[in-house]
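**Q** A single structure is presented below for examination.
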Amino acid sequence: MKSPLLSLPGAVPAEGVDEGVAAHYGDLFREQRALADGTGFVDLSHRGVVTVTGEDRLSWLHLLLTQHVSELPAGEATEALILSAHGHIEHALYLVDDGTTVWAHVEPGTQDDLIAYLESMKFFYRVEVADRTDDFALVHLPAGSIAEVPEGVVVRETAYGRDLFLPRADLESYARKAGPAAGILAHEALRVEHHRPRLGFETDHRTIPHELGWIGTAVHLQKGCYRGQETVARVQNLGKPPRRLVFLHLDGSDVHLPVHGTEIRLADEGPDGRGIGFVTTSVRHHELGPIALALVKRNVPVDAPLVAGDTAAAQETVVAP
(Lines give C-alpha, C1' and ligand atoms only; values in the text may rest on other atoms or scores of the structure.)
Protein backbone atom coordinates (compact mmCIF):
# COMPACT_ATOMS: atom_id res chain seq x y z
CA MET A 1 0.00 0.00 0.00
CA LYS A 2 1.59 3.26 -1.17
CA SER A 3 1.41 6.12 1.32
CA PRO A 4 0.10 9.49 0.11
CA LEU A 5 2.92 11.08 2.14
CA LEU A 6 5.37 9.99 -0.56
CA SER A 7 4.19 13.18 -2.29
CA LEU A 8 5.77 15.34 0.45
CA PRO A 9 8.81 17.41 -0.64
CA GLY A 10 12.05 15.43 -0.70
CA ALA A 11 10.42 12.04 -0.11
CA VAL A 12 12.55 9.09 -1.26
CA PRO A 13 10.66 5.77 -1.30
CA ALA A 14 11.85 2.94 0.90
CA GLU A 15 12.59 -0.45 -0.60
CA GLY A 16 12.11 -4.07 0.41
CA VAL A 17 9.84 -4.83 3.36
CA ASP A 18 9.29 -1.12 4.03
CA GLU A 19 8.22 -0.31 0.48
CA GLY A 20 5.24 2.03 0.44
CA VAL A 21 6.53 4.69 2.84
CA ALA A 22 9.43 7.14 2.70
CA ALA A 23 12.97 6.02 3.48
CA HIS A 24 13.76 9.67 4.18
CA TYR A 25 12.74 13.19 3.18
CA GLY A 26 16.11 14.48 2.05
CA ASP A 27 18.11 14.76 5.28
CA LEU A 28 18.52 11.51 7.21
CA PHE A 29 20.49 12.93 10.14
CA ARG A 30 18.23 15.95 10.59
CA GLU A 31 15.26 13.58 10.73
CA GLN A 32 17.01 11.41 13.32
CA ARG A 33 17.86 14.41 15.48
CA ALA A 34 14.26 15.61 15.29
CA LEU A 35 12.95 12.26 16.51
CA ALA A 36 15.58 12.09 19.26
CA ASP A 37 14.46 15.56 20.37
CA GLY A 38 10.81 14.50 20.45
CA THR A 39 9.61 16.37 17.38
CA GLY A 40 8.05 15.25 14.12
CA PHE A 41 6.46 11.91 13.25
CA VAL A 42 7.12 8.74 11.26
CA ASP A 43 4.75 7.40 8.63
CA LEU A 44 4.39 3.67 9.34
CA SER A 45 1.21 3.28 7.32
CA HIS A 46 2.60 0.25 5.49
CA ARG A 47 2.37 -1.86 8.65
CA GLY A 48 -0.51 -4.27 9.12
CA VAL A 49 -3.32 -3.42 11.54
CA VAL A 50 -5.35 -6.24 13.11
CA THR A 51 -8.18 -5.97 15.65
CA VAL A 52 -9.81 -8.50 17.94
CA THR A 53 -13.23 -7.77 19.41
CA GLY A 54 -15.64 -9.74 21.58
CA GLU A 55 -15.96 -10.36 25.30
CA ASP A 56 -13.50 -13.29 25.24
CA ARG A 57 -10.79 -11.39 23.35
CA LEU A 58 -8.26 -11.08 26.19
CA SER A 59 -8.72 -14.53 27.69
CA TRP A 60 -8.54 -16.06 24.20
CA LEU A 61 -5.40 -14.16 23.18
CA HIS A 62 -3.85 -15.11 26.51
CA LEU A 63 -3.94 -18.76 25.36
CA LEU A 64 -2.21 -18.00 22.06
CA LEU A 65 0.39 -15.35 22.84
CA THR A 66 3.64 -15.41 24.79
CA GLN A 67 2.52 -12.41 26.83
CA HIS A 68 0.20 -12.31 29.87
CA VAL A 69 -2.82 -10.41 28.53
CA SER A 70 -5.84 -11.95 30.26
CA GLU A 71 -6.09 -8.93 32.57
CA LEU A 72 -4.48 -6.32 30.34
CA PRO A 73 -5.74 -2.89 31.51
CA ALA A 74 -7.34 -0.65 28.90
CA GLY A 75 -4.77 1.72 27.41
CA GLU A 76 -1.71 -0.25 28.56
CA ALA A 77 0.68 -1.12 25.74
CA THR A 78 2.39 -4.48 25.48
CA GLU A 79 4.06 -6.67 22.89
CA ALA A 80 3.78 -10.39 22.29
CA LEU A 81 4.93 -13.20 20.03
CA ILE A 82 3.36 -16.21 18.41
CA LEU A 83 5.71 -19.18 18.31
CA SER A 84 5.82 -22.41 16.36
CA ALA A 85 5.39 -25.72 18.14
CA HIS A 86 9.19 -25.84 18.41
CA GLY A 87 9.41 -22.37 19.97
CA HIS A 88 10.57 -20.47 16.88
CA ILE A 89 9.25 -16.93 16.40
CA GLU A 90 6.52 -16.65 13.75
CA HIS A 91 4.78 -13.34 14.53
CA ALA A 92 5.40 -10.23 16.62
CA LEU A 93 2.40 -8.15 17.73
CA TYR A 94 2.40 -4.69 19.28
CA LEU A 95 -0.81 -4.44 21.27
CA VAL A 96 -3.16 -2.16 23.14
CA ASP A 97 -6.73 -2.72 24.33
CA ASP A 98 -9.09 0.25 24.28
CA GLY A 99 -11.69 -1.33 26.54
CA THR A 100 -13.70 -2.99 23.77
CA THR A 101 -11.11 -3.89 21.11
CA VAL A 102 -7.55 -5.16 21.02
CA TRP A 103 -5.53 -3.26 18.43
CA ALA A 104 -2.28 -4.67 17.08
CA HIS A 105 0.20 -3.53 14.48
CA VAL A 106 2.43 -6.08 12.80
CA GLU A 107 5.14 -6.29 10.17
CA PRO A 108 4.09 -5.29 6.62
CA GLY A 109 2.50 -8.17 4.76
CA THR A 110 2.30 -10.54 7.74
CA GLN A 111 -1.28 -9.78 8.70
CA ASP A 112 -2.85 -12.33 6.34
CA ASP A 113 -0.93 -15.27 7.80
CA LEU A 114 -1.51 -14.00 11.32
CA ILE A 115 -5.26 -13.69 10.77
CA ALA A 116 -5.42 -17.14 9.18
CA TYR A 117 -3.80 -18.62 12.28
CA LEU A 118 -6.04 -16.68 14.67
CA GLU A 119 -9.15 -17.71 12.75
CA SER A 120 -8.11 -21.35 12.96
CA MET A 121 -7.94 -21.06 16.75
CA LYS A 122 -11.31 -19.39 17.42
CA PHE A 123 -13.27 -22.58 18.27
CA PHE A 124 -16.15 -21.64 20.58
CA TYR A 125 -14.66 -18.35 21.83
CA ARG A 126 -16.67 -15.17 21.41
CA VAL A 127 -14.18 -13.21 19.34
CA GLU A 128 -13.98 -11.56 15.94
CA VAL A 129 -10.69 -10.97 14.13
CA ALA A 130 -10.42 -8.30 11.43
CA ASP A 131 -7.81 -6.88 9.07
CA ARG A 132 -8.10 -3.10 9.44
CA THR A 133 -5.03 -2.20 7.37
CA ASP A 134 -7.14 -0.61 4.62
CA ASP A 135 -8.93 1.60 7.15
CA PHE A 136 -6.20 2.60 9.60
CA ALA A 137 -2.67 3.92 9.15
CA LEU A 138 -0.03 3.68 11.85
CA VAL A 139 1.76 6.93 12.75
CA HIS A 140 4.60 7.07 15.29
CA LEU A 141 5.24 10.07 17.53
CA PRO A 142 8.65 9.97 19.28
CA ALA A 143 9.13 10.01 23.04
CA GLY A 144 8.67 13.53 24.38
CA SER A 145 6.43 14.63 21.53
CA ILE A 146 3.78 17.21 22.38
CA ALA A 147 1.99 16.77 19.06
CA GLU A 148 -1.78 16.72 19.38
CA VAL A 149 -3.57 13.39 19.14
CA PRO A 150 -6.97 13.68 17.44
CA GLU A 151 -9.95 12.86 19.61
CA GLY A 152 -11.05 9.25 19.40
CA VAL A 153 -7.77 7.92 17.96
CA VAL A 154 -6.46 4.77 19.65
CA VAL A 155 -2.97 5.33 21.07
CA ARG A 156 -0.34 2.79 22.08
CA GLU A 157 2.08 4.60 24.40
CA THR A 158 5.52 3.19 25.22
CA ALA A 159 8.88 4.42 26.50
CA TYR A 160 9.91 4.94 22.86
CA GLY A 161 6.92 7.05 21.85
CA ARG A 162 3.29 6.78 20.85
CA ASP A 163 1.79 4.69 18.06
CA LEU A 164 -1.41 6.18 16.67
CA PHE A 165 -3.98 4.04 14.86
CA LEU A 166 -5.13 6.90 12.65
CA PRO A 167 -8.01 6.64 10.19
CA ARG A 168 -6.24 6.27 6.85
CA ALA A 169 -8.39 9.00 5.30
CA ASP A 170 -6.97 11.48 7.87
CA LEU A 171 -3.29 10.69 7.25
CA GLU A 172 -2.49 13.64 4.97
CA SER A 173 -4.32 16.21 7.06
CA TYR A 174 -2.66 14.96 10.24
CA ALA A 175 0.78 15.10 8.61
CA ARG A 176 0.33 18.78 7.92
CA LYS A 177 -0.20 19.41 11.65
CA ALA A 178 2.31 16.96 13.14
CA GLY A 179 5.39 17.64 10.98
CA PRO A 180 8.22 17.55 10.25
CA ALA A 181 8.07 14.10 8.71
CA ALA A 182 10.89 11.62 9.35
CA GLY A 183 11.51 8.57 7.21
CA ILE A 184 11.71 4.91 8.14
CA LEU A 185 15.54 5.03 8.08
CA ALA A 186 15.55 7.52 10.96
CA HIS A 187 13.11 5.34 12.86
CA GLU A 188 15.31 2.28 12.22
CA ALA A 189 18.44 4.08 13.40
CA LEU A 190 16.86 4.79 16.77
CA ARG A 191 15.55 1.22 16.96
CA VAL A 192 19.05 -0.16 16.48
CA GLU A 193 20.46 2.33 19.01
CA HIS A 194 18.01 0.97 21.58
CA HIS A 195 18.79 -2.69 20.72
CA ARG A 196 15.17 -3.42 19.77
CA PRO A 197 14.72 -6.53 17.59
CA ARG A 198 12.40 -6.60 14.61
CA LEU A 199 10.69 -9.61 13.09
CA GLY A 200 12.23 -10.59 9.76
CA PHE A 201 15.37 -8.56 10.45
CA GLU A 202 16.74 -9.99 13.69
CA THR A 203 14.80 -13.25 13.20
CA ASP A 204 15.11 -16.17 10.84
CA HIS A 205 13.29 -19.50 10.65
CA ARG A 206 14.97 -20.85 13.80
CA THR A 207 15.12 -17.82 16.11
CA ILE A 208 13.87 -18.31 19.66
CA PRO A 209 12.96 -15.39 21.96
CA HIS A 210 15.93 -15.83 24.32
CA GLU A 211 18.39 -15.02 21.53
CA LEU A 212 17.00 -11.51 21.06
CA GLY A 213 16.29 -10.41 24.61
CA TRP A 214 12.53 -10.72 24.12
CA ILE A 215 12.17 -12.58 27.43
CA GLY A 216 10.34 -10.25 29.80
CA THR A 217 9.33 -7.67 27.23
CA ALA A 218 7.36 -9.94 24.88
CA VAL A 219 7.49 -13.27 26.71
CA HIS A 220 5.99 -13.69 30.19
CA LEU A 221 7.70 -16.53 32.05
CA GLN A 222 4.95 -17.04 34.64
CA LYS A 223 2.35 -18.19 32.16
CA GLY A 224 1.99 -21.34 30.12
CA CYS A 225 -0.58 -22.79 27.76
CA TYR A 226 0.69 -21.38 24.49
CA ARG A 227 2.30 -23.02 21.51
CA GLY A 228 6.07 -23.25 21.92
CA GLN A 229 5.97 -22.70 25.70
CA GLU A 230 7.84 -25.93 26.42
CA THR A 231 10.87 -24.72 24.45
CA VAL A 232 10.81 -21.35 26.21
CA ALA A 233 10.71 -22.99 29.64
CA ARG A 234 13.37 -25.59 28.79
CA VAL A 235 15.88 -23.03 27.54
CA GLN A 236 15.15 -20.68 30.41
CA ASN A 237 15.52 -23.32 33.10
CA LEU A 238 17.95 -25.87 31.73
CA GLY A 239 20.13 -24.36 29.03
CA LYS A 240 21.27 -21.41 26.98
CA PRO A 241 20.17 -20.22 23.52
CA PRO A 242 22.52 -21.15 20.68
CA ARG A 243 22.91 -17.54 19.55
CA ARG A 244 22.82 -14.07 21.09
CA LEU A 245 22.05 -10.56 19.88
CA VAL A 246 24.94 -8.08 19.87
CA PHE A 247 25.28 -4.39 19.09
CA LEU A 248 28.10 -3.46 16.73
CA HIS A 249 30.10 -0.28 16.27
CA LEU A 250 31.26 -0.46 12.64
CA ASP A 251 34.39 1.00 11.11
CA GLY A 252 33.32 4.44 9.91
CA SER A 253 35.88 4.61 7.10
CA ASP A 254 33.89 2.18 4.94
CA VAL A 255 31.59 3.78 2.40
CA HIS A 256 29.07 0.94 2.35
CA LEU A 257 27.29 -0.63 5.28
CA PRO A 258 27.26 -4.44 5.55
CA VAL A 259 23.82 -5.57 4.42
CA HIS A 260 21.46 -7.94 6.19
CA GLY A 261 22.93 -11.43 6.17
CA THR A 262 26.58 -10.35 5.88
CA GLU A 263 28.75 -12.99 7.50
CA ILE A 264 30.58 -12.13 10.72
CA ARG A 265 33.97 -13.63 11.60
CA LEU A 266 36.46 -13.28 14.43
CA ALA A 267 38.96 -10.59 13.40
CA ASP A 268 41.99 -12.56 14.55
CA GLU A 269 41.12 -15.48 12.27
CA GLY A 270 41.60 -13.40 9.13
CA PRO A 271 39.61 -13.44 5.86
CA ASP A 272 39.42 -17.24 5.81
CA GLY A 273 38.01 -17.53 9.32
CA ARG A 274 34.82 -19.44 9.99
CA GLY A 275 31.49 -17.64 10.15
CA ILE A 276 30.21 -17.08 13.66
CA GLY A 277 27.09 -15.04 12.89
CA PHE A 278 25.51 -12.48 10.58
CA VAL A 279 24.44 -8.85 10.44
CA THR A 280 20.71 -8.37 10.97
CA THR A 281 20.29 -4.57 10.63
CA SER A 282 22.86 -1.87 9.85
CA VAL A 283 22.26 1.88 9.93
CA ARG A 284 24.01 5.24 10.03
CA HIS A 285 23.32 7.05 13.29
CA HIS A 286 23.50 10.82 13.69
CA GLU A 287 25.76 10.54 16.79
CA LEU A 288 27.14 6.99 16.89
CA GLY A 289 28.06 6.70 13.23
CA PRO A 290 27.65 3.33 11.47
CA ILE A 291 26.13 0.77 13.86
CA ALA A 292 24.40 -2.57 13.55
CA LEU A 293 22.64 -5.41 15.29
CA ALA A 294 23.85 -8.94 14.69
CA LEU A 295 23.30 -12.53 15.79
CA VAL A 296 26.42 -14.43 16.79
CA LYS A 297 27.10 -17.81 18.35
CA ARG A 298 26.61 -17.77 22.09
CA ASN A 299 30.18 -18.81 22.89
CA VAL A 300 31.82 -15.92 20.99
CA PRO A 301 33.88 -14.00 23.60
CA VAL A 302 32.14 -10.75 24.51
CA ASP A 303 35.34 -8.74 24.02
CA ALA A 304 36.44 -10.34 20.74
CA PRO A 305 36.99 -7.92 17.80
CA LEU A 306 34.81 -8.95 14.87
CA VAL A 307 34.66 -8.42 11.12
CA ALA A 308 31.35 -8.04 9.27
CA GLY A 309 32.19 -8.87 5.67
CA ASP A 310 35.19 -6.60 5.20
CA THR A 311 34.18 -4.11 7.90
CA ALA A 312 35.83 -4.10 11.32
CA ALA A 313 33.33 -4.20 14.18
CA ALA A 314 33.48 -3.83 17.96
CA GLN A 315 30.70 -5.56 19.85
CA GLU A 316 28.59 -4.60 22.87
CA THR A 317 26.62 -7.24 24.72
CA VAL A 318 22.84 -7.13 24.35
CA VAL A 319 22.02 -10.72 25.35
CA ALA A 320 24.47 -12.23 27.83
CA PRO A 321 26.20 -15.45 26.76
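**Q** Among the DSSP beta bridges whose two residues both lie in the chain, what percent are antiparallel, rounded to the nearest 5?
**A** Antiparallel bridges: around 95 percent, rounded to the nearest 5.
**Q** For E31, E230, E316, what's the largest-to-smallest order of accessible area, 1.4 Å probe?
**A** Order by accessible area, largest first: E230, E316, E31.
**Q** Right, next: Which of G216, G239, G54 moves the most in a Gaussian network model of the chain with Cα springs under 10 Å?
**A** G239
**Q** Still on this structure: 222 nm [θ] for the chain, helices only, -39500 (n - 2.57) per DSSP H run of 4+, per residue, to 500?
**A** Mean residue ellipticity at 222 nm (helix-derived): -5000 deg cm²/dmol.
**Q** Could you list, bin by bin from short to long, the percent of Cα-Cα pairs of the stretch 150-271 in 10 Å steps?
**A** Per 10 Å bin, starting at 0, the Cα pair percentages come out as 8, 29, 28, 23, 10, 1.
**Q** A follow-up question, please. Considering only L166, A85, Q67, whose Cα is most displaced toward the positive end of the charge dipole of the chain, charges sitting on Cβ of Lys, Arg (+1) and Asp, Glu (-1)?
**A** A85
**Q** Dipole of the stretch 255-298, Cα-centred, from +1 at each Lys and Arg C-beta and -1 at each Asp and Glu C-beta, to the nearest 20 debye?
**A** 180 debye
**Q** With a ≥ b ≥ c taken as the square roots of the eigenvalues of the C-alpha gyration tensor of the chain, please select rounded if a/c is under 1.5 and otherwise prolate if a/b is larger than b/c or oblate if it is not?
**A** oblate
**Q** What residues qualify as long-range amide H neighbours of G26, i.e. H under 5 Å apart, gap of 5 or more or another chain, H built at 1.01 Å from N?
**A** Those qualifying (amide H under 5 Å, at least 5 residues apart or on another chain) are V12.
**Q** Using unit Cβ charges (K, R positive; D, E negative) and no other charged atoms, how large, in debye to the nearest 20, is the dipole of the chain about its Cα centre?
**A** Around 640 debye, computed over the chain.
**Q** Ok, one more. By a straight-distance test (C-alpha under 20 Å), which aspartates and glutamates pair with K240 as possible cross-link partners, with residues fewer than eight away in the same chain excluded?
**A** Cross-link targets: E202, D204, E211, E230, D303, E316.
**Q** In what sequence, largest accessible area first, do V255, V318, V52 appear using a 1.4 Å probe?
**A** V255, V318, V52
**Q** Please list, in order along the stretch 40-55, the HN-Hα scalar couplings obtained from phi with the Karplus expression 6.51 cos²θ - 1.76 cosθ + 1.60 (θ = phi - 60°), rounded to whole Hz, x for Gly and Pro.
**A** Taking θ as phi minus 60°, the curve returns x, 7, 10, 7, 10, 6, 7, 6, x, 10, 10, 10, 10, 10, x, 5 Hz for the stretch 40-55.
**Q** Please get the size of the charge dipole for the stretch 151-292, origin at its Cα centre, with Cβ charges of +1 on Lys and Arg and -1 on Asp and Glu, quoted in debye to the nearest 20.
**A** It works out to roughly 580 debye.
**Q** While we're looking at this one, here's another question. Report the calculated FRET efficiency for H194 and S253 (r = Cβ-Cβ distance, R0 = 25 Å), to the nearest 0.05.
**A** 0.45
**Q** Now for a different question. May I ask which residue of P180, S145, T203 lies farthest towards the positive end of the charge dipole of the stretch 103-223, with charges of +1 (Lys, Arg) and -1 (Asp, Glu) on Cβ and the Cα centre as origin?
**A** Checked the options; the winner is S145.
The values are calculated or read from the model by the stated rules, or taken from the named source; none is laboratory data. Please read these numbers as outputs of a predicted model, since none were measured by experiment. All Cβ positions, glycine included, derive from the backbone under ideal geometry; neighbour counts span all protein chains shown. When the accessible area is computed, the model is the full protein with side chains, heavy atoms only, and any ligands, DNA or RNA have been set aside. Shrake-Rupley method; radii C 1.70, N 1.55, O 1.52, S 1.80 Å.
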